[in-house]
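The values are calculated or read from the model by the stated rules, or taken from the named source; none is laboratory data. As the structure is a prediction and not an experimental result, all values here were calculated from the model. Methodologically, a virtual Cβ is constructed for each residue, glycine included, from the backbone with ideal geometry; neighbour enumeration extends over all protein chains shown. Ligands, DNA and RNA are excluded from the accessible area calculation, which covers all protein heavy atoms including side chains. Shrake-Rupley method; radii C 1.70, N 1.55, O 1.52, S 1.80 Å.
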Amino acid sequence: VQERQEVDRILASLSAQVGAAAEDIITGIGALARLDVAMAKAYYAEKARAIEPEISKVPNTRMLRLVNARHPLLRGDVVPLSLEIGGDFNVLIISGPNAGGKTVALKTIGLLVLMAQAGLPIPCAEGTVMPVYDNVFADIGDEQSIEATLSTFSAHIRNIAHVVKDSTPDSLVLLDELGISTDPGEGAALAQATLTHFVGKGTNVVVTTHYSELKAFAHLTNGVRNASMDFDPVTLAPSYHLS
């Protein structure tokens, strides 16, 4: 019993000393956490050859410029991505071959924007400029569900309806193969109507497509621009370079 009482006395004494220094200890833990994050960011920046992008401070502008950007998970000899959106156009339509890098380009844009807004260095070159978005919306991949009675098309439509409703002029919207998995004529018309909505709203949008109608739409519509993932015209092999 005396031994247990002595143990309790020692523990109580130690607890009282810790309690007396609680404010300093909490401050120290917070400082260590901030230092740990700073060191982790510096280590990542060195390993990934990443930089801190310029954050656009011009009011009412949403200029996004990526210079030699790379997807954070890609290793080896990566073909960098350079693009600009938000100047005289706010919707960019990317076409190109299957397996040519269109979806990777979308994911690269989204990830780097989110990383920058989280205060992380991003793998790109000097000259990269980022606005501050209030939200990033993406419809990428197939979310069909037997359980939720969603076909591929209806799953896309559900997502796009959510994006149209909740996005603002200060949002970034990324749409992969807009209008697919239905009649091509109807899908292209739906895609044009959706993009016309975003042009009017002024939202920054990057969309991938195989529809010729959307390429013509971009050519004829103010606020929309065409881009393409290149490929070798002889071998048809993708080059993963965006023009």
- Task: Determine whether segment 197-218 contains at least one residue that is among the charged types (D, E, K, R) and touching a helix residue (DSSP H, G or I) at 6+ places or on another chain (Cβ under 8 Å).
- Result: yes
- Task: Please give the number of the condition G28 fails out of (1) surrounded by fewer than 12 Cβ atoms within 10 Å (Cβ to Cβ); (2) in contact with a Cys (Cβ under 8 Å, 6 or more places away or on another chain).
- Result: (2)
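What residue, of V199, V206, is touching a residue at least 12 places away in the same chain (Cβ under 8 Å) and in a strand (DSSP E or B)? Quick ask: steps written out before the conclusion?
Details: V199 fails: in a strand (DSSP E or B).
Result of the check over V199, V206: V206.
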- Conditions (1) out of contact with any Asp or Glu (no Cβ under 9 Å at 6 or more places or on another chain); (2) among the charged types (D, E, K, R); (3) within 21 Å of V206 (Cα to Cα) -> R62 fails only (1)
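Any residue at all in segment 32-42 that is exposed (fewer than 11 other Cβ atoms within 10 Å of the Cβ) and not in a helix (DSSP H, G or I)? Can you show your working first?
Looking only at segment 32-42, we keep the residues that are exposed (fewer than 11 other Cβ atoms within 10 Å of the Cβ), and these are 32-36, 39.
Retained after the next criterion (residues that are not in a helix (DSSP H, G or I)): none.
Within segment 32-42, none of the residues are exposed (fewer than 11 other Cβ atoms within 10 Å of the Cβ) and not in a helix (DSSP H, G or I).
Check whether at least one residue in segment 165-183 is part of a helix (DSSP H, G or I) and modelled with pLDDT under 90, and report yes or no.
no
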- Which of the residues belonging to segment 1-46 are aromatic (F, W, Y) and without any contact (Cβ under 8 Å) to a residue 60 or more places away in the chain? Y43
- Note on the structure: Of the residues in segment 134-158 that are closer than 23 Å to G100 by Cβ and at pLDDT 90 or above, the one that is most open to solvent (accessible area, probe 1.4 Å) is A138
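Residues checked against (1) within 19 Å of P131 (Cβ to Cβ); (2) crowded, with 17+ Cβ neighbours inside 10 Å; (3) over 23 Å from the mean Cα position of the chain (by Cα):
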site: F198; (1), (2), (3): yes, yes, no
site: V205; (1), (2), (3): yes, yes, no
site: A216; (1), (2), (3): no, no, yes
site: F231; (1), (2), (3): no, yes, yes
site: T235; (1), (2), (3): no, no, yes
- Message: Exactly one condition in (1) open to solvent by 10 Å² or more (accessible area, probe 1.4 Å); (2) more than 19 Å from V136 (Cα to Cα); (3) in contact (Cβ under 8 Å) with a residue 24 or more places away in the chain; (4) of a type outside the set (K, R) is false for A193; which is it?
- Response: (3)
- Residue by residue through segment 86-104, note down the ones that are touching a Ser or Thr at 6+ places or on another chain (Cβ under 9 Å) and farther than 16 Å from K215 by Cβ. G86, G87, N90, G101, T103
